[in-house]
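Trainee: Sharing a structure, written as structure tokens. Questions coming.
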Amino acid sequence: MLKKIPSWAIVLVVILVILMSFSGTYNQMVTLSEGVEAKWSQVLNVYQRRADLIPNIVETVKGYAAHEKETLSAVIEARSKATQMQVNVEDLNADTLAKFQAAQKQMSGALSRLMVVMERYPDLKANQNFLALQTQLEGTENRITNERRIFNETVKLYNTYIRKLPQNLIAGITGFEKKPYFEAEESAKEAPKVTF
């Protein structure tokens, strides 16, 4: 014959199940949030690699294109602004990410102008140091694109998880908030016009 289970034991079991569910959900949010932080660090790492290449490129170009000071100065200034713009993952929101992207876009634009100017100097285009730096820069730009994609995928996993029931309730209680994505620049939304 079964003995009647005391009501306090049932309440205790229910409380334990709720606590275990809460802690499992909370721990998963922590894991996903740490993943976002790790991917953000990698994004910053590749942007820093690009910033570190710029002084070498500028020095190489100076010897060949001394009268292109305006372009060189623009690259140096853009690098300075981009490296001063530091965004910690704790401060990562849509506004700070937009400011970070604007600083990086300015540096990308300055580098593009520099590469266009370099087309005027055949000796520079044949210089092995410059070619090696240009190859490294192209590789770094590809890494930036890849790391931004991976970051967005990680943010998507995190954001999706914290928005589902019952995780959204626990996220609201514990302070987990939605993270922003890298978004395409406005100029990328329109197809380029080609005229002959």
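The values are calculated or read from the model by the stated rules, or taken from the named source; none is laboratory data. Since we're looking at a predicted model, the values are computed, not measured. Here Cβ is always computed from backbone atoms with ideal geometry, including for glycine, and neighbour counts include all displayed protein chains.
Trainee: Just checking, which of LYS99, LYS81 is out of contact with any Pro (no Cβ under 8 Å at 6 or more places or on another chain) and either farther than 30 Å from GLY175 by Cα or β-branched (Val, Ile, Thr) (or both)?
Mentor: LYS81
Trainee: Also, I was wondering about something else. Among the residues of the range 19-29 satisfying the criterion of being surrounded by fewer than 17 Cβ atoms within 10 Å (Cβ to Cβ) and not hydrophobic (A, V, I, L, M, F, W, C), which is modelled with the lowest pLDDT? Working first, answer last.
Mentor: We begin by selecting, within the range 19-29, every residue surrounded by fewer than 17 Cβ atoms within 10 Å (Cβ to Cβ); these are 19-24, 26-28.
After this cut, where a residue has to be not hydrophobic (A, V, I, L, M, F, W, C) as well, the list is 21, 23-24, 26-28.
Details: SER21: 86, SER23: 90, GLY24: 90, TYR26: 93, ASN27: 94, GLN28: 95.
Among those that are surrounded by fewer than 17 Cβ atoms within 10 Å (Cβ to Cβ) and not hydrophobic (A, V, I, L, M, F, W, C), it is SER21.
Trainee: Which of (1) within 15 Å of the chain's Cα centre (by Cα); (2) closer than 18 Å to PHE182 by Cβ is the odd one out, the single condition LEU32 does not satisfy?
Mentor: (1)
Trainee: Right, here's the next one. Mind listing just one residue for me: the one in the range 95-126 that is among the basic types (Lys, Arg) and in contact (Cβ under 8 Å) with a residue 40 or more places away in the chain and, of those, farthest from ILE54 (Cα to Cα)?
Mentor: So the residue we want is ARG120.
Trainee: Among the candidates ASN152, ASN142, ASN159, single out the residue that is at pLDDT 90 or above, under 23 Å from LEU44 (Cβ atoms) and surrounded by fewer than 12 Cβ atoms within 10 Å (Cβ to Cβ).
Mentor: Result: ASN142 is the single residue among ASN152, ASN142, ASN159 that is at pLDDT 90 or above, under 23 Å from LEU44 (Cβ atoms) and surrounded by fewer than 12 Cβ atoms within 10 Å (Cβ to Cβ).
Trainee: Next question, about the same structure. Please find, within the range 30-50, the residue that is farthest from THR83 (Cα to Cα) out of those that are exposed (fewer than 15 other Cβ atoms within 10 Å of the Cβ) and hydrophobic (A, V, I, L, M, F, W, C).
Mentor: This residue is VAL30.
Trainee: Related question: Would the range 37-45 turn up any residue that is free of Cβ contacts under 8 Å to residues at least 40 places away in the same chain, among the acidic types (Asp, Glu) and at negative phi?
Mentor: no
Trainee: Looking at (1) crowded, with 17+ Cβ neighbours inside 10 Å; (2) outside any helix (DSSP H, G or I), which is the only condition ALA78 fails?
Mentor: Unmet for ALA78, out of (1) crowded, with 17+ Cβ neighbours inside 10 Å; (2) outside any helix (DSSP H, G or I): (2).
Trainee: Counting only residues that are hydrophobic (A, V, I, L, M, F, W, C) and not in a helix (DSSP H, G or I), which one in the range 1-18 is surrounded by the fewest Cβ atoms within 10 Å (Cβ to Cβ)?
Mentor: Applying the first criterion (hydrophobic (A, V, I, L, M, F, W, C)) to the range 1-18 yields 1-2, 5, 8-18.
With the extra rule that they be not in a helix (DSSP H, G or I), the set shrinks to 1-2, 5.
Working: MET1: 2, LEU2: 4, ILE5: 9.
Looking at residues that are hydrophobic (A, V, I, L, M, F, W, C) and not in a helix (DSSP H, G or I), I get MET1.
Trainee: If you don't mind, another one. Kindly check whether there is at least one residue in the range 175-187 that is assigned to a helix (DSSP H, G or I) and surrounded by 13 or more Cβ atoms within 10 Å (Cβ to Cβ).
Mentor: No, that holds for no residue.
Trainee: What number of residues in the range 86-104 are closer than 18 Å to GLY35 by Cβ, touching a helix residue (DSSP H, G or I) at 6+ places or on another chain (Cβ under 9 Å) and surrounded by 13 or more Cβ atoms within 10 Å (Cβ to Cβ)?
Mentor: Residues that pass the stated criteria total 3.
Trainee: If you don't mind, another one. Would you confirm whether any residue within the range 31-53 is out of contact with any helix residue (DSSP H, G or I) (no Cβ under 8 Å at 6 or more places or on another chain), in a loop (DSSP other than H, G, I, E, B) and either modelled with pLDDT of 90 or more or closer than 30 Å to LYS125 by Cα (or both)?
Mentor: no
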